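Reading through the structure tokens given below for one structure.
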Amino acid sequence: MDTKHCSKCDSEKPLEEFHRNKGAHDGRTNWCKPCACAHVRTARRANLEHYRTYDRERAQRPERKAADVVATRRKRAKNRLRYKAHWTVANEIRNGRLRRGGCEVCGESPTDAHHDDYKKPLEVRWLCRTHHCEHHTGALAKARED
């Protein structure tokens with residue numbers, strides 16, 4: 001059986017379009033991924049304060065904190081140069097030897113320090129959050145095209 005019927009949108013789709021569910025007889029959910037995701041988004045929007053409270057409380061659980069520490073250490077070990085560059089910029093800003101500038105695209109503040117080369121930690125470009133995200137999204141899209 002390579003396909004399954006979605007009981008929400010009433011269409012036949014490949015099995016890969018359904019989330020895994022060990023409890024189901026065929027190992028997949030009854031709703032396809034797009035229908036399930038739309039349902040979750042709608043439910044979360046309808047009861048946003050409840051979910052925000054739940055998320056905050058969940059993040060304070062000891063096992064979640066421990067997992068976060070492990071993930072952070074793994075990420076820093078994998079990207080030592082990047083972490084060191086961020087740390088260096090933060091220290092220089094704190095000590096007053098480096099000042100944040102306005103966004104080089106729009107002039108807005110506050111800004112993020114963007115490194116074109118992590119080997120040169122104090123050579124940064126100041127970008128607002130919007131333009132910083134756009135820069136990385138554009139760079140990622142360009143890298144995928146190559």
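Summary table below
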read-out	value
Value of [θ]222 nm, deg cm²/dmol, for the chain, DSSP H segments ≥ 4, -39500 (n - 2.57) each, nearest 500	-17000 deg cm²/dmol
Cα-centre dipole for region 3-59 with unit charges at Cβ (Lys and Arg positive, Asp and Glu negative), debye to 20	180 debye
Partner aspartates and glutamates for Lys4 [C-alpha distance under 19 Å; skip if fewer than 8 residues away on the same chain]	Glu12, Glu16, Glu17, Asp26
Entries in Lys78/Lys119; Lys22/Lys75; Lys78/Lys120 that, when Cα-Cα distance is taken, lie over 27 Å	Lys22/Lys75
Only Lys, Arg (+1) and Asp, Glu (-1) charged, at Cβ; the chain dipole about Cα centre in debye	880 debye
Reach of Lys65 by Cα under 12 Å, taken over aspartates and glutamates that are not fewer than 8 positions away in the same chain	Glu57
Furthest towards positive pole of dipole, Pro62, Leu98, His25, structure part the chain, Cβ charges	Pro62
Rounded if a/c under 1.5, otherwise prolate or oblate - region 80-145, Cα gyration tensor axes	oblate
Per-residue Cβ neighbour rank within 10 angstrom, fewest leading, His114, His25	His25, His114
Burial ranking of peptide ranges 79-91, 44-56, 96-108, 27-39 (average Cβ count within 10 Å, highest at the top)	27-39, 79-91, 96-108, 44-56
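Values quoted throughout were computed directly from the atomic coordinates according to the rules given, and no laboratory measurement underlies them. This one's a predicted model, so the numbers in the text were calculated from it and none came from an experiment. Backbone-built Cβ (ideal geometry, glycine too); neighbour counts: all protein chains shown.
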